[in-house]
Amino acid sequence: MRFARIALIALFSGFLVIVLAGCIERMFFYPDSATYTTPAQLGVRAEDVRIVTADGSRLHGWFLPAVGNAKGTVLHLHGNAANVSNHLPLVSWLPARGYNVLMLDYRGFGRSEGKPSLDGVVDDAAVALAYLRTRPDVDATRLIMFGQSIGGATALRLLARDARGVRLGVIDSAFASYRGIARDATAGGPLAPIAALTVGVLPGPDKDPITALKSIRVPLIFVHGARDTIIAAVNSEKLHAAASGSQHWSVPDAMHIMALGQPGSWREKLVQAMDAAVL
């Protein structure tokens, strides 16, 4: 009887860990389908794009063509609890500076079908990158990847497996480790004991953004607002330290993903870095 009770407890505990682990993984994704800003409202041209994934999900994106001859093309990967419409103001200025921009909504976000997962969003970004290489108005040898927050982590994982034609990676407000950010997000809260039990079933170090750096040969710029209260700026410091030859820009007074959010010297510095990479 005692053995049966122990076995039942072990079975229940295992089941609980699996269920709660799913909850912890879902913590990374808060899909948002609302429309906050449209290209028309900002006075920028945009093409609605549909991209089909290997599993048949239809992804939505906006392609913003450069004003005049394109110097290069940016693949933009947005953060969590968001979609292309509320990130649009953060990149809508790039076409006027000579860059095409493809903004992608991962599966489950915006008008894209499906449900997001940690590996699935990397696959979505890979499909978007492959799509760009097929467009006649895109020079597939002059690409730039710009990822923000979880989009930055996604960009690093993708660059580790496919960086053909990518001249520069701009990684804004990203985290270094899935398990680490899960612990940080739940520290001191009611989910802290749960996280301690379940964090071990989240993607391990082999899938961490910081591990991906070992396979990346593309120049990288890590950008982080010094006042980021969502993902601590120390994450970008760790990524920079692990990426030989990378740059680290700490932007005073900037909050999460807002380091490049306003016109000024930091945007000009970014354009200079992009121009140097593609021209």
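If you find the alpha carbon centre of segment 243-277 and of segment 27-82, how far apart are they in angstrom?
Taking the Cα centre of each part, segment 243-277 and segment 27-82 sit 21 Å apart.
Which aspartates and glutamates have a Cα less than 14 Å from the Cα of Lys214, not counting those fewer than 8 places away in the same chain?
Within the straight-line limit of under 14 Å, Lys214 reaches these aspartates and glutamates: Asp162, Asp206.
For Thr35 and Asp206, calculate 0.36 nm times their separation in residues minus their Cα-Cα distance, and state this gained length in nm to one decimal.
58.0 nm
Highest first, please rank the peptides 105-111, 123-129 by the mean number of other Cβ atoms sitting within 10 Å of their residues.
Descending mean neighbour count gives 105-111, 123-129.
Just tell me which aspartates and glutamates come within less than 20 Å, Cα to Cα, of Lys115; anything on the same chain fewer than 8 places away is out.
Excluding near neighbours in sequence, the set is Glu25, Asp32, Asp55, Asp105, Asp123, Asp124.
What is the sum of charges, Lys and Arg at +1 and Asp and Glu at -1, for the other residues whose Cβ falls under 14 Å from the Cβ of Leu102?
-1
Which FRET efficiency value, to the nearest 0.05, is calculated for Asp119 and Val234 with the Förster distance at 22 angstrom and r the Cβ-Cβ distance?
It comes to 0.30.
Please arrange Phe28, Phe222 by counting, for each residue, the other beta carbons lying within 10 Å of its beta carbon, fewest first.
Phe28, Phe222
Give the cross-link partners of Lys71 among the aspartates and glutamates, using a straight C-alpha distance below 12 Å as the criterion and excluding same-chain residues fewer than 8 apart.
Asp137, Asp139, Asp275
Pull out the extension gain between Arg267 and Asp48, defined as 0.36 nm times the separation in residues minus the alpha carbon to alpha carbon distance; nm, one decimal.
Between Arg267 and Asp48, full extension yields 76.2 nm more.
Could you list Ser246, Ser112, Ser236 in order of exposure, starting from the residue whose Cβ has the fewest other Cβ atoms within 10 Å?
Starting with the residue having the fewest Cβ neighbours, the order is Ser246, Ser112, Ser236.
Given the peptides 204-211, 72-79, 228-235, arrange them by the average over their residues of other C-beta atoms within 10 Å, most packed first.
Going from most to least packed, we get 72-79, 228-235, 204-211.
Rule-based calculations on the coordinates, nothing more; no lab input. The structure displayed is predicted, hence computed values, not measured ones. Here Cβ is always computed from backbone atoms with ideal geometry, including for glycine, and neighbour counts include all displayed protein chains.
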